[in-house]
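Input: a single structure, listed below in structure tokens.
The values are calculated or read from the model by the stated rules, or taken from the named source; none is laboratory data. Only a predicted model underlies this, so the values are computations on that prediction, with no experimental measurement involved. Positions of Cβ are backbone-derived with ideal geometry, glycine not excepted, and every protein chain shown enters the neighbour counts. The area values use the complete protein model at the heavy-atom level, side chains included, leaving out ligands, DNA and RNA. Shrake-Rupley method; radii C 1.70, N 1.55, O 1.52, S 1.80 Å.
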Amino acid sequence: MGQSGSTSKFRSSKPAAAMISSSAVAMQAAEDPDSATTLQDNVIDGNNYSLDLPEECLAYIFQSLSSGDRKRSSLVCRRWLRIEGQSRHRLSLNAQSEITNIIPRLFLRFDAVTKLALKCDRRSVSIGDDVLIQISLKCTNLTRLKLRACRELTDDGMATFAENCKNLQKFSCGSCSFGAKGINALLENCGLLEELSVKRLRGITDGAAAELIRPGKASGSLRVICLKDLYNGQCFGQLIVGAKNLRSLKLFRCSGDWDKVLENIADRILGLVELHLERLQVSDIGLSAISNCVNLEVLHLVKTPECTNFGLVSIAEKCKLLRKLHIDGWKTNRIGDDGLIAVANHCPNLLELVLIGVNPTHLSLAKLATNCQNLERLALCGSETVRDAEIYCIAEKCIALKKLCIKNCPVSDHGMEALAGGCPNLVKVKVKKCRGVTSEGADWLRASRGSLAVNLDTIEPELPDAGGSEQEIGGADIPPIDGENRDVNIASSSTGRSMSFKMRLGAFPGRSLVACTLRRWSSFVGRGRNNVGRNSGGVAVRN
């Protein structure tokens, strides 16, 4: 499985020449690998055009292929095997304990890896500290590491890894068993760390014995912190407050009172741009404090029942650069027209608004449509007050609106009729679980605006979107901000997704051509996969 410096070539596309050269080269290469090149050149008579390509060019081609195509292409010849291994910068391994013996050979071939993922099945035994230390010695230039369910790793292994891989820039772990000492060692040794994501870290202790996590040398480099499902998330408080250049903070389902942490953030971190709060114990006190971060552009308040109009008004009055606002009111009705009107009055740059379990009326929607002239994406889900009158208001005033999602609202076909003549820039409408909207109403809207994509889902069960261009947030499908919309001319029928997928594939003819060509070359090798195709058993190699 190791690397080879040989430059033996693949076979000719001419059947007869291929059969002759194949056997001849194989026999002579077994005795003298260096002589295989001369023999094959004489038999094939110059048909191996890849010899004219520099190694850098082949490496660039390999990087444009999928993981499967790369692996198949590496079986063509020793030269391709070596170049493919040396040009692979991303690697994803099935991190079960069975791979322990192949780690040295694996990283002898893939010696340029900078982004590594180690993922283990939760029912299997994962790799231990010894494997992680071996990897750290082989991959000293590692910049990204992702650990999933590696429960055999301890604080000692993490500390040694951090000492050997000081260039790490992104670290993510989930369902691991090491604790605060391991995280602290990482933060103390990796002074270039920019992103830290921690989910279900089981080694963090609770109570008075809990060790606090401090920013260490990463205090000036950390830009993104994401914490999920942590029982004692409060021990990360010092880390968050000490990350003076923090721009994005995401807190999901972490126990404890977070108002005090947000107050400390507001005093020390003024460059915060993005804040996600989901299922946290946070109130208007925390929101009022975070309003001092005047550069805030993205705010997600998801199922935070203690947050009310008062906290949202504080945010709106000071954070005037707000571009994205997602609110999941969780049917508490504590955020409504008053808070949204404040957003409309103070945040003219708003591009995206998602309201779930919030009950806005035409009063706040009219204000938002009038004052937020750049509003492009709007989602209204689970609202009891969004009726046809509110849709008429949106159709009349939301001039820049491109994408609209309405889910589980008392809207009828009359609302769809309003959209036929309003929102001149509208390119996509999604209607889900709105009993008053029928297929006839959706068909009429499609017929009225041929370029408008209408996705109606009222009876059939919901299925996840096949395409990767949209993300579902709390039940609302909101696409990312990306300028132009590419689905304008797609037929608005049940086959819209498949057609969109085909169009996206058609946008990359060069990549498809390269993959097809290399697959044909690879087929000349035959079925005898004696190279890296079976090198590891439990190893999954990906781009």
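Scanning the stretch 351-366 for residues that are farther than 20 Å from E384 by Cβ and open to solvent by 10 Å² or more (accessible area, probe 1.4 Å) yields one hit, L351.
Residue-wise test of (1) within 23 Å of the chain's Cα centre (by Cα); (2) in contact (Cβ under 8 Å) with a residue 60 or more places away in the chain; (3) open to solvent by 30 Å² or more (accessible area, probe 1.4 Å).
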{"position": "Y231", "(1), (2), (3)": "no, no, yes"}
{"position": "Q234", "(1), (2), (3)": "no, no, yes"}
{"position": "W258", "(1), (2), (3)": "no, no, no"}
{"position": "S283", "(1), (2), (3)": "no, no, no"}
{"position": "A289", "(1), (2), (3)": "no, no, no"}
{"position": "V298", "(1), (2), (3)": "yes, no, no"}
{"position": "A316", "(1), (2), (3)": "no, no, no"}
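Every condition in (1) out of contact with any strand residue (DSSP E or B) (no Cβ under 9 Å at 6 or more places or on another chain); (2) part of a strand (DSSP E or B); (3) not aliphatic (A, V, I, L, M) is met by K260 except one, and the failing one is (2).
Looking only at the stretch 387-422, which residues are farther than 17 Å from A366 by Cβ and among the hydroxyl-bearing types (S, T, Y)? Correct list: S412 only. Taken together, K166, K138, K146, K115 contain a single residue that is touching a His at 6+ places or on another chain (Cβ under 9 Å) and either free of Cβ contacts under 8 Å to residues at least 60 places away in the same chain or surrounded by 22 or more Cβ atoms within 10 Å (Cβ to Cβ) (or both), which is K115. All but one of (1) modelled with pLDDT under 95; (2) open to solvent by 10 Å² or more (accessible area, probe 1.4 Å) hold for A369; state the number of the condition that does not hold. So the condition that A369 fails would be (2).
Candidates in the stretch 60-90 are the residues that are surrounded by fewer than 18 Cβ atoms within 10 Å (Cβ to Cβ) and among the polar types (S, T, N, Q); of these, the one that is farthest from the chain's Cα centre (by Cα) is Q86. Scanning the stretch 59-101 for residues that are touching a Leu at 6+ places or on another chain (Cβ under 7 Å), over 20 Å from T114 (Cα atoms) and either part of a strand (DSSP E or B) or among the acidic types (D, E) (or both) yields a single hit, D69.
Restricting to the stretch 187-207, and then to whatever is outside any loop (DSSP other than H, G, I, E, B) and open to solvent by 30 Å² or more (accessible area, probe 1.4 Å), can you tell me which residue is farthest from C226 (Cα to Cα)? So the residue we want is G207. Yes or no: L419 surrounded by 22 or more Cβ atoms within 10 Å (Cβ to Cβ) and touching a Cys at 6+ places or on another chain (Cβ under 7 Å)? When the stated conditions are applied, L419 does not pass them.
The criterion of at least 3 residues that are of a type outside the set (V, I, T) and closer than 17 Å to V437 by Cα is met, among strands (runs of 3 or more DSSP E) falling completely within the stretch 339-423, by 377-381, 403-407.
A quick yes/no check of all residues on (1) touching a Cys at 6+ places or on another chain (Cβ under 8 Å); (2) not aromatic (F, W, Y):
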| site | (1), (2) |
| --- | --- |
| E274 | no, yes |
| V282 | yes, yes |
| H300 | no, yes |
| F310 | no, no |
| G339 | no, yes |
| L363 | no, yes |
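Within the stretch 91-112, restricting attention to residues that are out of contact with any helix residue (DSSP H, G or I) (no Cβ under 9 Å at 6 or more places or on another chain) and among the charged types (D, E, K, R), which residue is most open to solvent (accessible area, probe 1.4 Å)? My answer is E98.
Hey, any hits in the stretch 118-131 for a residue that's buried (at least 18 other Cβ atoms within 10 Å of the Cβ) and of a type in the set (S, T, Y)? Yes, the stretch 118-131 contains a residue that is buried (at least 18 other Cβ atoms within 10 Å of the Cβ) and of a type in the set (S, T, Y).
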